[in-house]
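In what follows, a structure is listed as structure tokens, so that the remarks can point back to it.
The values are calculated or read from the model by the stated rules, or taken from the named source; none is laboratory data. In this text, all values refer to a predicted model and were calculated from it rather than measured experimentally. Cβ coordinates were reconstructed from backbone atoms using ideal geometry, including for glycine residues, and neighbour counts include every protein chain displayed. Each accessible area value is taken on the protein alone, full model and side chains, heavy atoms only, with ligands, DNA and RNA left out. Shrake-Rupley method; radii C 1.70, N 1.55, O 1.52, S 1.80 Å.
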Amino acid sequence: MSELLWAFGRVSGVVSILLFTASVVLGIITRSGRPLPGLPRFSISLVHRNVALIASTFLVLHVGTLLLDTYAKLTVVDILIPFRGVFKPFWQGLGTVALDLVIAIVVTSLLRRRIGVRVATFVHWFTYAMWPVAMAHAIGNGTNGTSGWFLIIAAGCTLAVIVAVMWRTSVRFLETAMARARSLR
């Protein structure tokens, strides 16, 4: 049973990082105000939210199965307080930091109407810290973190996020956005 939990923990971690990558890219696209071909703008936001929630679910499965796994030897303290684990404490601690950030982002997103959009948006910016921290955790602590197939996945995810950020912060995009804003006045 322990081998099954360990394997599921690994798979759910990989799926989680893939889904969080998709969520980050969709979040960048959502903030751009541009539609994707074939999708109205509001649907990008809905897809972003749903992908983020599914990614969070896989993260819960990842942590939960490793918490139950006798080989991983995680404790509740290890998953809440960074850098306290017995196995690769630094890399595991990065995973704990990423988990704590995800919890804060999800909770403030769900409570956005009660706490205010400004607070929720401020906390949501921590996604830009959570994602690379989670990726570093996956590479440094993951069983297959340095294997060729995972490094290709990590490179593809990193490239997707970098391209999205570059597109969003490009001069051409910013000029177009400013022109669009002026025309709405």
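The conditions are (1) more than 29 Å from V25 (Cα to Cα); (2) loosely packed, with under 13 Cβ neighbours inside 10 Å, and F42 fails exactly one of them. Which is it?
(1)
So which residues in the stretch 44-66 are at pLDDT 90 or above and closer than 16 Å to A7 by Cβ, if there are any at all?
Scanning the stretch 44-66 gives F58, L61, H62, V63, G64, T65.
Condition check ((1) in a helix (DSSP H, G or I); (2) crowded, with 17+ Cβ neighbours inside 10 Å) across all residues:
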{"position": "G38", "(1), (2)": "no, no"}
{"position": "I54", "(1), (2)": "yes, no"}
{"position": "L61", "(1), (2)": "yes, yes"}
{"position": "V86", "(1), (2)": "no, no"}
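In this structure, is V102 in a helix (DSSP H, G or I) and surrounded by fewer than 19 Cβ atoms within 10 Å (Cβ to Cβ)?
no
What do you reckon, is F122 open to solvent by 30 Å² or more (accessible area, probe 1.4 Å), not in a helix (DSSP H, G or I) and not charged (D, E, K, R)?
No; evaluated as a whole, the condition is false for this residue.
Could you count how many residues in the stretch 107-119 are among the β-branched types (V, I, T) and open to solvent by less than 40 Å² (accessible area, probe 1.4 Å)?
Here the count works out to 1.
Only one of R10, R31 is among the basic types (K, R), open to solvent by 30 Å² or more (accessible area, probe 1.4 Å), part of a helix (DSSP H, G or I) and at pLDDT 90 or above; which?
R10
Could you please let me know if L4 is farther than 24 Å from I153 by Cβ and out of contact with any Phe, Trp or Tyr (no Cβ under 8 Å at 6 or more places or on another chain)?
Judged against the criteria, L4 is not a match.
Name the one entry in M178, M130, M166 that is closer than 16 Å to G27 by Cβ, part of a helix (DSSP H, G or I) and modelled with pLDDT under 95.
Selected residue: M166, the only one of M178, M130, M166 that is closer than 16 Å to G27 by Cβ, part of a helix (DSSP H, G or I) and modelled with pLDDT under 95.
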